[in-house]
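Please read the structure below before turning to the comments.
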Amino acid sequence: KPLVDKISEQNKVLNYQINQLQVDVDEKTKEADFRKEFTANVSHELKTPLTSISGFAEIIKNGIVKEEDIPRFAGRIYDEAQRLITLVGDIIKLSQLDEKQIAARKERLDLYLICQDVIDTLEPAAFERHVDVQIMGKHLYAEGVGQILGEIIYNLCDNAIKYNKEGGSVTVNVHEEDGKAAVTVQDTGIGIPEEDLDRVFERFFRVNKSHSKEIGGTGLGLSIVKHGAAYHNARIRIDSKLNNGTSITIVF
Ligand code: ADP
């Protein structure tokens, strides 16, 4: 009897270990699939603007273009190059967050001042799109890396302006939630369909690919928000109503 008990006990342990191994293998496979998909996406996203740049440059080089069309073609080359610069910048930010390669030390930061700074930077974009941006709330603090917190809030405000409607508004609120400092960025924009709410934080996911591209998105902004928030152990909440607006809260 004791021997049977012992064998049964060992069996349980073995079974448990085999299950753990399976979980490990599943996770590694998922990670490998994810990396493969990410690499494929990056290649595609880089290739598209590069192909355009190369095409326009070749036409100009071959002298096929009429003199008066050159500024327009040069403009397209410039726009595509700018797109590449933003894209490469976002990819680097993401990989740094991924590898936790951030050497900077966390410090006590005034969230209200960071938000005010972002709003000042985005003023020309808001002006151009006739969107009114307001800040409210109070000076609350969080332990963090200033550059990353700035990027998180920048990406949220940038989206709130980009995906807004003519004459719409954006409200940035620095407030307390269950005794924790929180920032909410709320807009009166086009909203996100309910079925896409979870997916918007995925790399390269865009609700409307052509629309997002037209207004200059890389599809990486909210991934940076997600990873940046995780780096600060902050929680993200998203509420959105199609055609009505979106509200994203980061609770530190
Ligand atoms: P992008 O660079 O395309 O803006 P993001 O990762 O920042 O990429 O956002 C992913 C997608 O989520 C966007 O393409 C857009 O479709 C949607 N989205 C993000 N923020 C908002 C918002 N405030 N209102 C409506 N849609 C949004």
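A short reminder: the numbers here are calculations on the coordinates, not readings from a lab. Just so you know, these numbers come straight off a predicted model, no measurement behind them. Cβ placement follows ideal geometry from the backbone for every residue including glycine, while neighbour counts extend to all protein chains displayed.
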Taking placed amide H atoms and a strict 5 Å upper bound, the residues 5 or more places from A181 or on another chain that come that close are F252
Fewest to most Cβ atoms within 10 Å: H227, H232 sort as H232, H227
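Just rank I18, I236, I70, fewest to most, by other beta-carbon atoms within 10 angstrom.
Working: I18 10, I236 17, I70 13.
Exposure proxy ranking, most exposed first: I18, I70, I236.
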Among N15, N173, N164, which one shows the biggest mean-square fluctuation in a GNM of the chain, springs joining Cα atoms closer than 10 Å? N15
Let me know the longest stretch in the chain that avoids all trypsin sites (Lys or Arg not before Pro) found in a DSSP loop with at most 10 other C-beta atoms within 10 Å. 106-252
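Can you give me the Rg/Rh ratio for the range 54-208, using Cα atoms for both radii and the Kirkwood formula for Rh? It would help to have the intermediate numbers written out before the result.
Values: Rg = 19.6 Å, Rh = 18.4 Å.
Rounded to two decimals, Rg over Rh is 1.07.
Given all pairs of different Cα atoms, what value in angstroms does the Kirkwood hydrodynamic radius of the range 14-107 take?
Numbers: mean 1/r = 0.0581 Å⁻¹.
Here the Kirkwood hydrodynamic radius works out to 17.2 Å.
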Likely footprinting exposure, V133, V251, fewest C-beta neighbours within 10 Å first: V251, V133
Kindly express, to the nearest 10 degrees and within the range 0 to 90, the angle between helix 70-98's C-alpha long axis and the longest C-alpha principal axis of the chain. 20
Taking placed amide H atoms and a strict 5 Å upper bound, the residues 5 or more places from V133 or on another chain that come that close are V170
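Counting only DSSP beta bridges with both residues in the range 112-252, tell me the antiparallel percent, nearest 5.
Details: 20 of 26 bridges.
If we restrict to bridges inside the range 112-252, about 75 percent are antiparallel.
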If you put +1 on each Lys and Arg Cβ and -1 on each Asp and Glu Cβ, how big is the dipole of the range 104-224 around its Cα centre, in Debye rounded to 20? 300
What distance in nm separates the simple spin-label points at E128 and Q17, each placed 7 Å from Cα in the Cβ direction? 6.1
Relative to a virtual label point 7 Å from the Cα of L197 in the Cα→beta-carbon direction, which members of the range 221-243 show backbone nitrogen distances below 16 Å? 236-243
Distance (nanometres) between label positions extended 7 Å along Cα→Cβ at E9 and D178: 4.1
Using a simple spin-label model with points 7 Å from Cα along the Cα→Cβ vector, what separation in nm is obtained for R108 and V65? 5.6
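Averaged over every viewing direction, what's the projected area of the C-alpha convex hull for the range 52-145? Give it in nm², one decimal, please. The partial results should precede the final answer.
Numbers: hull surface 38.7 nm².
Result: a mean projected hull area of 9.7 nm².
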Rounded to whole Hz, the Karplus (6.51, -1.76, 1.60) HN-Hα couplings of the range 194-201, x for glycine and proline: 3, 5, 9, 4, 6, 6, 4, 8
Electrostatic dipole magnitude of the chain [Cβ: Lys, Arg +1; Asp, Glu -1; Cα centre; debye, to 20]: 600
Of all DSSP beta bridges located in the chain, what percent are antiparallel, nearest 5? 80
